[in-house]
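K.L.:
Mind having a look at this structure? Questions to follow.
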Amino acid sequence: MGAKAAKDPVPRASIPLNPVFNWSVGNWMEVFYDGLREGKIMGSKCPACGRVSLPPRMICERCFVKAEEWVELPSTATVQACTTASVKVAENGDLVDLDAPEIIAMVKHDGADTCIAARLEGKEAAVGTKVEAVIDTGAENVLDLLASYKAVG
Amino acid sequence: MEYKNETIAIEGSWNLASWEWKFESIALIRKTFEAMKNERKLMANKCPGCGRVYFLPKPYCLCLSIPDEWVEIKDTATVTTYTFTGAWAYEGIADDEVSGTPQIFAGVVFDGSDTKTVTMLEGIEPEKVHVGMRVKLKWPEEVAGGLTDLAHCVPLEE
Amino acid sequence: MDKEVAIIAYAQLPYEADNNMSREVMVLKATRAAIEAAGLKREDLDTVITANNDYNDGRTISNMRLVEPAGSWHKNESKVEMDGTFGVLYALTRILSGDHDIALVVGESQASVYGGILPGIMMLDPTFDRQRWLLNEVSAAALQASAYMAAAGVSAEQIAAVAAKNLDNAALNPFALRSLKGADAKKVLASRPLYSPITELMTAPRCDGACAVVMASAKAAAKVEKPVWIKGVGFSHDSYVTERSLDSMGSLKLAADACYRQAGIEDPASQIDLAEVHECFAHEELMAYEALGFCEPLQGGVFFDSGATRLDGKLPVNASGGALGANAEYATGLARIIEAAMQIRGDAGRHQVKGVKTAVAHGQTGICAQENIVYVLGGE
Amino acid sequence: MAKNEVAVVGVGLSKHVSKRRDVNIAELVWEAVSACYEDAGLKPKDVDAFATGNMPAFEGVNLPEEWGAGHWGAYNKPLLRITTGGTTGGSVAHGGYYLVGSGLFDTVMCIAFEKQSDGNSTMGLNTVALADAAAQLQLGVDPGFIASFGGGAVGVAVYQASSYMKSSGCTTHHLDKVSALCRNNAALNPYSHLKQPGLTPEEVAKTTLLQYPIRFGHVCPATDGACAMLFTTGEKARKLTDKPAYVLSCASASDEAALVGISGSGTTNVDPCEQESCKIAAARAYEIAGIKDPRNEIDLAEPYSPFAHQLLMFYERLLLCDEGEAPSILDSGSMNLDGELPVCPSGGVISTNAIGASAMERVAECALQIMGKCGERQVKKDVHKAVAHGWGGAVNLNVVAVLSDTPRR
């Protein structure tokens, strides 16, 4: 080895397969999606500490108690963090340039203690901005029900 | 809250097609296939650290050396493990359970190597196959230079 | 922990964008180099821990193919599916338990093989975030940066300056993949914009690489020259990325506190001579200063501006260039341990810092550094 | 000798069925974890560290604890993820042993699981070999050709079974008997998947032949399920319970991958029934545990056997008898619940296989039998020492743990 001239490139191999999964969401997320279909935002509440999870969680991670109470939350939220995306993820996992920048934010609904990662309409946002949810109750895919957020007013 | 036994399923996937692995073994095995095709020889690689001989060749050895010496091995072999499709010969197994052409698959160690190759045994009844039996590679008339050339072995009369 | 377990040898391969070898041969080379550096043979190893990820490696039970190359054939072996720094933790417990004396830990991955940032996306909540395609390791980190900047009053220029410092340091490290001698914040800000404020040069470049560490019990380390002792370790798991406050690294603070308690460190800023931080993004280094107790909460930017963490500062951080210099995932944190050990031994070459007696090494796994682990290492 | 004595003080299992579509992964695992806390009378605040693992290709989630561990009480706690394929559950339990044994942590929650219904079990298993199959495609090898050589649907187990039968004198009737024994035991276990009370060997013999010598009745099901165990120091265990199960030792060992080496290269693991690494691991575990005569000192065994022949094969490889003796020991009735050395009283992996959890469930059953918590399936004899085994990889990974009703020494 060592002193030899540059080695041939090591051969490569791939296989055109795409294993498919179907994740059951469980009864807590089911309530969330059912709520969105009716235009409602449903969060789960811990009976011990009052922490409200949105999206809902069956167990309160702080108390290890079943979050069996439900609260309907207002559609208004506050931006906790935001970023202007110049890229998106391509199918092969590369980051490719977007034609027009998009805003992605962590928003916290009024009355909730956890965040939702969401797309913001418009070109600008800042931490602290008040926004409201845009719900597309007719969306085919449940993941599109909570379509985006837009600035309040 | 009405408890549902079947909840929404979110579909997703693992786009494994975007993974592209690297293998020295492909180049090594290709060399062996070429030697089979051009010279009707079985070429293996030998580890300089412990002397183990790998057939088909392998780019690394469990003793942490890189096997890089080419050696010719014999086309006679010993059976170390086997299975059947179609169990026509065995107790309590009805004929109607046998589908397709019955085949005997065997793991064999070619003489001069320390590793297993999987092959099909011909010219023997399944109940007579045993671990330790001696076999010989049945070279095809036309050697294609591929795994199919190693696909058939026959019992060795010794 | 006082002189119970030592790091006695280590090896890194040069980090490359696409190295000309299989994962297995890469691991074999790192393993062999580490064992040779320890003056040992494969037969001397009692236990072997590999650190890697099935999704990065593109195969289930990805450790199964590393049995031979990691020297673990017929050995007591296991796999930690986290950064190699957690592999060191597991090996440490195996030695402390008294069942084993000599351990090898290997971390590896090959970014040239796996599908970009898909493995990270597959860590997201599959019942919601995963298929929404908004979050990934970079966008989530950008949100973390945004929250931190708002809370601490840090600017994009300051974050860029951290990247410039590390890339400049990386120019002195022969193993580094990415380096920029004399880099400044302007150059970093001008690189390809990804998710604001993050630009390409603020990210740790995913690449191919493996590194390995040999650890020994006090008994087995007795004859070794310049052992590097593990004086303390702490680690912690944080909440999922949307369920925690992103403006500080809570689990890193918990990890550091536990580690310092064990190591008897009361005032890290004065007792620690050098730190190697696993910063997947430049801003995480600033956040780590705070969590590691080098400065007060929300003072990361101010502390950086003081110059303390530069190569010639009073507490150099990432003299090696850190993860921004090279990021072979699952080996990156392990490389921080190796770099810290090199500094303590005085073997760091051109990026050697004078008089390093006590050093901190940090490793992380997960989105926005969800899992953190901290070590205090020391010489004689 | 571990710094700390290590003991099991709690075990929890979820329901085990083929498809749990009412819960997500994190919620399924919670069932086992919460049952475990309850069993031990502990709460998350009492736990110092977590160890967890599964075989992620089945669920398609990378590091599932990242979003799920909040459901298990791991908020702001040290957590270690250990994954080794089929042996994962055993490896996680070993992690618990070392974390406590090191003296760094007192109480450790170990969690292992699989939710196979979220993915495709066959594809999940295939991902072990897809990289190598890709290389073979490059070499011009037909995928169907590889599949048939690989033992078809049943995989390398058919080779292992044939070789084992030839070398041991085990017959297909013994395989049928093993299945009947396990499925009958499973019928007494509320947490097992396939319960077939009264199943006879004759009925097993009538199930579809997959490939000689393996029939449908000789193969494990695909299961959704989770297992959790709490490990703590001997001192704490004695305060928590009158009868803890001590973990005396853990050991693992690995052979080279069997059947084929990397991308079709040769492998020195020439006979998949040899399982040299299992013998090595067992010998190591017994030595650390101070067991000199495992045949007489071990009271109960939980070998990892997704295929019927493996119960007998691993009984031998765990050094519990001479090679080739297991079939006659099965015939003697010694392996039954009321026998001299009961084997797989839980029903074994052949009855329940939530893959990532399976090897931990072997350890859990040993602990439960020692603690006398097994209800209807409690074995007749007093269990002083038990051996738990896990197997996986490409027929090449083995993990062994020895448990006891008394601490080491």
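K.L.:
Anything in region C:335-375 that is among the aliphatic types (A, V, I, L, M) and either within 14 Å of chain D (Cβ to nearest Cβ) or part of a loop (DSSP other than H, G, I, E, B) (or both)? List them, or say none. Step through it out loud before you land on a result.
P.N.:
Of all residues in region C:335-375, those among the aliphatic types (A, V, I, L, M) come to C:335, C:337-338, C:340-342, C:344, C:348, C:353, C:356, C:359-361, C:367, C:369, C:373-374.
C:ALA348, C:VAL353, C:VAL356, C:ILE367, C:ALA369, C:ILE373, C:VAL374 - these are the residues of region C:335-375 that are among the aliphatic types (A, V, I, L, M) and either within 14 Å of chain D (Cβ to nearest Cβ) or part of a loop (DSSP other than H, G, I, E, B) (or both).
Okay, residues lined up against (1) open to solvent by 10 Å² or more (accessible area, probe 1.4 Å); (2) more than 17 Å from the chain's Cα centre (by Cα); (3) more than 9 Å from every other protein chain (Cβ to nearest Cβ):
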position: C:THR31; (1), (2), (3): no, yes, no
position: C:MET64; (1), (2), (3): no, yes, no
position: C:SER78; (1), (2), (3): no, yes, no
position: C:LEU89; (1), (2), (3): no, no, no
position: C:ASP99; (1), (2), (3): yes, yes, no
position: C:ALA111; (1), (2), (3): yes, no, yes
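K.L.:
If we scan region C:12-20, do we find a residue that is open to solvent by 20 Å² or more (accessible area, probe 1.4 Å) and small (Gly, Ala, Ser)?
P.N.:
Looking for residues that are open to solvent by 20 Å² or more (accessible area, probe 1.4 Å) and small (Gly, Ala, Ser), one finds at least one in region C:12-20, hence yes.
K.L.:
What pairs come up if the first residue lies in region B:143-155 and is free of Cβ contacts under 8 Å to residues at least 40 places away in the same chain, the second is of a type in the set (Asp, Glu), and their beta carbons are under 8 Å apart, counting only those six or more places apart or on different chains?
P.N.:
Cβ pairs passing all conditions: B:HIS152/B:GLU122; B:VAL154/B:GLU122.
K.L.:
Moving on. Name the one entry in C:LEU167, C:LEU134, C:LEU194, C:LEU180 that is of a type in the set (A, V, I, L, M), outside any helix (DSSP H, G or I) and more than 7 Å from every other protein chain (Cβ to nearest Cβ).
P.N.:
Numbers: C:LEU167 fails: outside any helix (DSSP H, G or I); C:LEU134 fails: more than 7 Å from every other protein chain (Cβ to nearest Cβ); C:LEU194 fails: more than 7 Å from every other protein chain (Cβ to nearest Cβ).
Result of the check over C:LEU167, C:LEU134, C:LEU194, C:LEU180: C:LEU180.
K.L.:
Also: Determine if region D:40-62 includes at least one residue that is small (Gly, Ala, Ser), more than 20 Å from the chain's Cα centre (by Cα) and part of a helix (DSSP H, G or I). Step through it out loud before you land on a result.
P.N.:
To start, the set of residues in region D:40-62 that are small (Gly, Ala, Ser) comprises D:40-41, D:49, D:51, D:53, D:57, D:60.
From what is left, the residues that are more than 20 Å from the chain's Cα centre (by Cα) are D:40-41, D:49, D:60.
Right, trim to part of a helix (DSSP H, G or I) and you get D:40.
Yes, region D:40-62 contains at least one residue that is small (Gly, Ala, Ser), more than 20 Å from the chain's Cα centre (by Cα) and part of a helix (DSSP H, G or I).
K.L.:
Next up: Would you confirm, using the coordinates I've provided, whether D:GLY90 is away from chain A (no Cβ under 14 Å) and small (Gly, Ala, Ser)?
P.N.:
Values: away from chain A (no Cβ under 14 Å): yes; small (Gly, Ala, Ser): yes.
Yes: the conditions hold for D:GLY90.
K.L.:
Let me ask something else. Scan (1) of a type in the set (Val, Ile, Thr); (2) over 21 Å from the mean Cα position of the chain (by Cα); (3) crowded, with 23+ Cβ neighbours inside 10 Å for the single condition D:VAL141 breaks and write down its number.
P.N.:
Condition (3) is where D:VAL141 drops out.
K.L.:
Right, another one. Considering only residues that are free of Cβ contacts under 8 Å to residues at least 40 places away in the same chain and acidic (Asp, Glu), look in region B:1-55 and name the one that is most open to solvent (accessible area, probe 1.4 Å).
P.N.:
B:GLU2
K.L.:
Same structure again: Give, as residue ranges, the strands (runs of 3 or more DSSP E) completely inside region A:1-118 that count at least 2 residues that are within 13 Å of chain C (Cβ to nearest Cβ) and closer than 30 Å to A:ALA151 by Cβ.
P.N.:
Numbers: elements: A:20-24, A:41-45, A:69-73, A:76-89, A:95-109.
In region A:1-118, the matching strands (runs of 3 or more DSSP E) lie at A:41-45, A:76-89, A:95-109.
K.L.:
State whether one or more residues within region C:294-305 are touching a helix residue (DSSP H, G or I) at 6+ places or on another chain (Cβ under 6 Å), among the hydrophobic types (A, V, I, L, M, F, W, C) and surrounded by fewer than 21 Cβ atoms within 10 Å (Cβ to Cβ).
P.N.:
The answer is yes, given that some residue of region C:294-305 is touching a helix residue (DSSP H, G or I) at 6+ places or on another chain (Cβ under 6 Å), among the hydrophobic types (A, V, I, L, M, F, W, C) and surrounded by fewer than 21 Cβ atoms within 10 Å (Cβ to Cβ).
K.L.:
A further question follows. Counting only residues that are among the basic types (Lys, Arg) and either open to solvent by less than 10 Å² (accessible area, probe 1.4 Å) or more than 21 Å from C:GLY346 (Cα to Cα) (or both), how many does region C:208-234 have?
P.N.:
Of region C:208-234, the ones among the basic types (Lys, Arg) are C:219, C:223, C:226, C:231.
When the remaining residues are screened for being either open to solvent by less than 10 Å² (accessible area, probe 1.4 Å) or more than 21 Å from C:GLY346 (Cα to Cα) (or both), the result is C:219.
Residues meeting the conditions: 1.
K.L.:
For region C:14-26, give me each residue that is outside any strand (DSSP E or B) and within 14 Å of chain B (Cβ to nearest Cβ). Don't jump to the end; show me each part of the working.
P.N.:
To start, the set of residues in region C:14-26 that are outside any strand (DSSP E or B) comprises C:14-15, C:17-26.
Once the filter is applied, which keeps residues that are outside any strand (DSSP E or B) and within 14 Å of chain B (Cβ to nearest Cβ), region C:14-26 yields C:ALA17, C:ASP18, C:ASN19, C:ASN20, C:MET21, C:SER22, C:ARG23, C:GLU24, C:VAL25, C:MET26.
K.L.:
Something else: One residue is enough: does region D:292-306 have a residue meeting the conditions over 24 Å from C:ILE49 (Cβ atoms), within 14 Å of chain B (Cβ to nearest Cβ) and either of a type in the set (Asp, Glu) or touching a strand residue (DSSP E or B) at 6+ places or on another chain (Cβ under 9 Å) (or both)? Step through it out loud before you land on a result.
P.N.:
From region D:292-306, those over 24 Å from C:ILE49 (Cβ atoms) are D:292-303, D:305-306; that's our starting set.
Next, only the ones that are within 14 Å of chain B (Cβ to nearest Cβ) stay: none.
There is no residue in region D:292-306 that is over 24 Å from C:ILE49 (Cβ atoms), within 14 Å of chain B (Cβ to nearest Cβ) and either of a type in the set (Asp, Glu) or touching a strand residue (DSSP E or B) at 6+ places or on another chain (Cβ under 9 Å) (or both).
K.L.:
Moving to a separate point now. Restricting attention to region B:49-86, and to residues there that are more than 27 Å from B:ILE124 (Cβ to Cβ) and β-branched (Val, Ile, Thr), which single residue is nearest to the other protein chains (Cβ to nearest Cβ)?
P.N.:
My answer is B:ILE66.
K.L.:
Turning to a different aspect of this structure: Is it fair to say D:ALA308 is open to solvent by less than 10 Å² (accessible area, probe 1.4 Å), touching a residue at least 24 places away in the same chain (Cβ under 8 Å) and either more than 18 Å from the chain's Cα centre (by Cα) or under 29 Å from D:LEU130 (Cβ atoms) (or both)?
P.N.:
Values: open to solvent by less than 10 Å² (accessible area, probe 1.4 Å): yes; touching a residue at least 24 places away in the same chain (Cβ under 8 Å): yes; either more than 18 Å from the chain's Cα centre (by Cα) or under 29 Å from D:LEU130 (Cβ atoms) (or both): yes.
Yes, satisfied.
K.L.:
Follow-up. Take the residues in region A:26-51 that are touching a residue at least 60 places away in the same chain (Cβ under 8 Å) and open to solvent by less than 10 Å² (accessible area, probe 1.4 Å); name whichever of them is farthest from D:PRO44 (Cα to Cα).
P.N.:
First pass over region A:26-51, keeping only residues touching a residue at least 60 places away in the same chain (Cβ under 8 Å): A:33, A:36-39, A:41, A:43, A:51.
Now restrict to residues that are open to solvent by less than 10 Å² (accessible area, probe 1.4 Å): A:33, A:36, A:41, A:43.
On the way: A:TYR33: 30, A:LEU36: 33, A:ILE41: 30, A:GLY43: 24 Å.
That would be A:LEU36.
K.L.:
What number goes with the only condition from (1) open to solvent by 10 Å² or more (accessible area, probe 1.4 Å); (2) touching a residue at least 40 places away in the same chain (Cβ under 8 Å) that C:LYS314 does not pass?
P.N.:
Evaluating C:LYS314 over (1) open to solvent by 10 Å² or more (accessible area, probe 1.4 Å); (2) touching a residue at least 40 places away in the same chain (Cβ under 8 Å) leaves (2) as the failure.
K.L.:
For region D:191-203, state whether one or more residues are of a type in the set (Lys, Arg) and more than 25 Å from B:MET120 (Cβ to Cβ). Even if it seems obvious, please write down each step before you answer.
P.N.:
If we filter region D:191-203 for residues that are of a type in the set (Lys, Arg), which is where we start, we get D:195.
If we keep only those that are more than 25 Å from B:MET120 (Cβ to Cβ) as well, we get D:195.
Yes, that holds for at least one residue.
K.L.:
Can I ask one more? Any residue at all in region D:95-110 that is under 21 Å from D:PHE58 (Cβ atoms), in a helix (DSSP H, G or I) and either of a type outside the set (Phe, Trp, Tyr) or open to solvent by 10 Å² or more (accessible area, probe 1.4 Å) (or both)? Steps first, answer last, please.
P.N.:
Residues of region D:95-110 under 21 Å from D:PHE58 (Cβ atoms): D:95, D:110.
Still in the list and also in a helix (DSSP H, G or I): D:95.
Cutting the leftovers down to either of a type outside the set (Phe, Trp, Tyr) or open to solvent by 10 Å² or more (accessible area, probe 1.4 Å) (or both) gives us D:95.
Yes: one or more hits.
K.L.:
Still on this model: Yes or no: region D:182-198 includes at least one residue that is farther than 30 Å from B:LYS31 by Cβ, open to solvent by 30 Å² or more (accessible area, probe 1.4 Å), within 12 Å of chain B (Cβ to nearest Cβ) and without any contact (Cβ under 8 Å) to a residue 60 or more places away in the chain.
P.N.:
no
K.L.:
So D:GLY124 ticks every box in (1) modelled with pLDDT of 90 or more; (2) open to solvent by less than 30 Å² (accessible area, probe 1.4 Å) but one. Which box is left unticked?
P.N.:
Answer for D:GLY124: the failing condition is (1).
K.L.:
Do we find a residue being open to solvent by less than 10 Å² (accessible area, probe 1.4 Å) and on the phi < 0 side of the Ramachandran plot anywhere in region C:179-191? Outline the logic, then answer.
P.N.:
Initial filter on region C:179-191 (open to solvent by less than 10 Å² (accessible area, probe 1.4 Å)): C:188.
Restricting the remaining residues to those that are on the phi < 0 side of the Ramachandran plot gives C:188.
Among the residues of region C:179-191, at least one is open to solvent by less than 10 Å² (accessible area, probe 1.4 Å) and on the phi < 0 side of the Ramachandran plot, which makes the answer yes.
K.L.:
Quick test for you: out of C:ALA161, C:ALA145, C:ALA150, C:ALA141, pick the one residue that is out of contact with any helix residue (DSSP H, G or I) (no Cβ under 9 Å at 6 or more places or on another chain), among the aliphatic types (A, V, I, L, M), in contact (Cβ under 8 Å) with a residue 24 or more places away in the chain and part of a helix (DSSP H, G or I).
P.N.:
Numbers: C:ALA161 fails: out of contact with any helix residue (DSSP H, G or I) (no Cβ under 9 Å at 6 or more places or on another chain); C:ALA145 fails: out of contact with any helix residue (DSSP H, G or I) (no Cβ under 9 Å at 6 or more places or on another chain); C:ALA141 fails: out of contact with any helix residue (DSSP H, G or I) (no Cβ under 9 Å at 6 or more places or on another chain).
Within the list C:ALA161, C:ALA145, C:ALA150, C:ALA141, the selection yields C:ALA150.
K.L.:
Return the only residue of A:VAL131, A:VAL71 being closer than 26 Å to C:ILE367 by Cα, modelled with pLDDT of 95 or more and aliphatic (A, V, I, L, M).
P.N.:
Details: A:VAL71 fails: closer than 26 Å to C:ILE367 by Cα.
Selected residue: A:VAL131, the only one of A:VAL131, A:VAL71 that is closer than 26 Å to C:ILE367 by Cα, modelled with pLDDT of 95 or more and aliphatic (A, V, I, L, M).
K.L.:
If you go through region D:337-352 one residue at a time, do you hit one that is modelled with pLDDT of 95 or more, touching a His at 6+ places or on another chain (Cβ under 6 Å) and closer than 24 Å to D:CYS250 by Cα?
P.N.:
Within region D:337-352, one or more residues are modelled with pLDDT of 95 or more, touching a His at 6+ places or on another chain (Cβ under 6 Å) and closer than 24 Å to D:CYS250 by Cα.
The values are calculated or read from the model by the stated rules, or taken from the named source; none is laboratory data. Owing to the predicted nature of the structure, the values given are computational and were not obtained by experimental measurement. Note that we place each Cβ from the backbone using ideal geometry, even for glycine, and neighbour counts take in every protein chain shown. Surface accessibility is based on the protein's heavy atoms, side chains included, excluding ligands, DNA and RNA. Shrake-Rupley method; radii C 1.70, N 1.55, O 1.52, S 1.80 Å.
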